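Heads up: the structure comes next, in structure tokens.
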Amino acid sequence: MDLSSQVAAEPLEVYATSPGVVGGRRSDSFGQKVTDVARWADAAGLSGLLIFTDNFSYDPWMLAQYMVERTEAMVPLVALQPNYQHPVTAARLVAAIGRLYGRRVDINLVTGSHAADLRALGDTVDHDARYDRLLAFGQIMLALLDGTAPVTHHGPYYDVSDAVLDPPLPAGLTPRLFAAGQSPPAIHVARALGATTLVNPEPPKHYAGGGKRLHRTGIRIGIIARDDHDAAWEVARRRYPRDAAREQRLHRSRKAAYASSTVHNYTESRRTPTDDTAEAIYWLHPLRVSFEYCAYLVGSYDEVAEALRTYRESGMCTLILSPPQEEDDLHHANEAIRRAEAR
């Protein structure tokens, strides 16, 4: 059995994304929105919710606890950036939520890409060195959570001697680990830690017929699916109307804001003549005109299912959906996912 057959035979893990604080705006309704989305994810049977971390968001650990207290089974997928905590602190928080609530916390390791965030925190480490630091962070945290022996690590970023996690993480609650990024250093970190690489995918056609491979990778993508192709596009156009001036403003701000050109290159390199037309399935427009951070699949259930099947056969093992705007968004996405898995 080849890799694609093995991956397709394994259950697909599906997460959604928690709503973010858009453009730095905070409101009294944000807590209710977070609660709603967490409960929608629970009701839809999703694995959990990705929680972002950056200088203008709420602390992801606070949101994780907030969601756990208001749901039955939803697993927080917490983005961890070394600038915000020591790996011993991260391990203690995972164990504390496990002991207090009997719930697993999954981890997405990130280096941070907002240039302004890194400057504000006095972080002058270059791109590749940030991944070296991330690897050390993950190694220490995982060793502590494993708990089989005291942890010692001496390196340029952390100095730990005979550290022990006490009280330890309860059995059966070991986090699923992700590492964000698709550069060679990011892939090295994922492999070294046994983590799932998490990326923004290219259009499905690039993976069809034995093209590019995802190799047990998680992808982030939005889904707007309905019974009918035109009905899906009506929803898509209503939510993300054309706005050339806004697109240019966001294009300039993203190009200037990111420590790497990942997001800028992502939008530009994947631009195709049809990706803003109703004939497309893979749609970048929401990324260009809104505070979205991934492309969308738009179309009928069967059209979206076919795109997902292509990713799946290429090695995709985890799907992380964009923040749902309505509860029905997750049910519609689940229908497309169900059809893709049935094939």
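Bear in mind these aren't lab numbers, they're just calculated from the coordinates by the rules spelled out. Fair warning: this is a prediction, and the values are worked out from it, not measured in the lab. Here the Cβ positions follow ideal geometry from the backbone for every residue, glycine too, while neighbour counts run over all protein chains shown.
Structure above, values below:
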quantity: Per principal axis, descending, Cα span of segment 27-85 in whole Å; calculated: 34, 26, 15
quantity: Peptide ranges 202-215, 124-137 listed from the most packed, as the mean C-beta count within 10 angstrom indicates; calculated: 124-137, 202-215
quantity: J(HN,Hα) series, segment 90-101, from Karplus relation 6.51 cos²θ - 1.76 cosθ + 1.60, nearest Hz, glycine and proline x; calculated: 4, 4, 4, 5, 4, 5, 5, 5, x, 6, 6, 10
quantity: Euclidean distance between Cα centres, segment 307-343 to segment 100-150, Å; calculated: 28 Å
quantity: Additional length obtainable on full extension of the chain from Thr174 to Asp302, 0.36 nm per residue less Cα span; calculated: 42.5 nm
quantity: Amide hydrogen neighbours beyond the local backbone of Ala179, cut-off 5 Å, H modeled; calculated: Leu109, Thr196, Thr197, Leu198
quantity: Relative compactness, segment 158-234, computed as alpha-carbon Rg over 2.2 N^0.38 Å; calculated: 1.67
quantity: Segment 21-173 shape via C-alpha gyration tensor axes, a/c threshold 1.5; calculated: oblate
quantity: Two-site label geometry, Ala115 and Phe56: point separation in nm, points 7 Å out along Cα→Cβ; calculated: 1.6 nm
quantity: Net charge of Cβ neighbours under 15 Å - reference Ala149; Lys, Arg +1; Asp, Glu -1; calculated: -3
quantity: Hull volume in cubic angstrom per residue (convex hull over the Cα atoms of segment 152-193); calculated: 110 Å³
quantity: From phi via Karplus (6.51, -1.76, 1.60), per-residue ³J(HN,Hα) for segment 33-40 in Hz, x at Gly/Pro; calculated: 5, 4, 4, 4, 5, 4, 6, 4
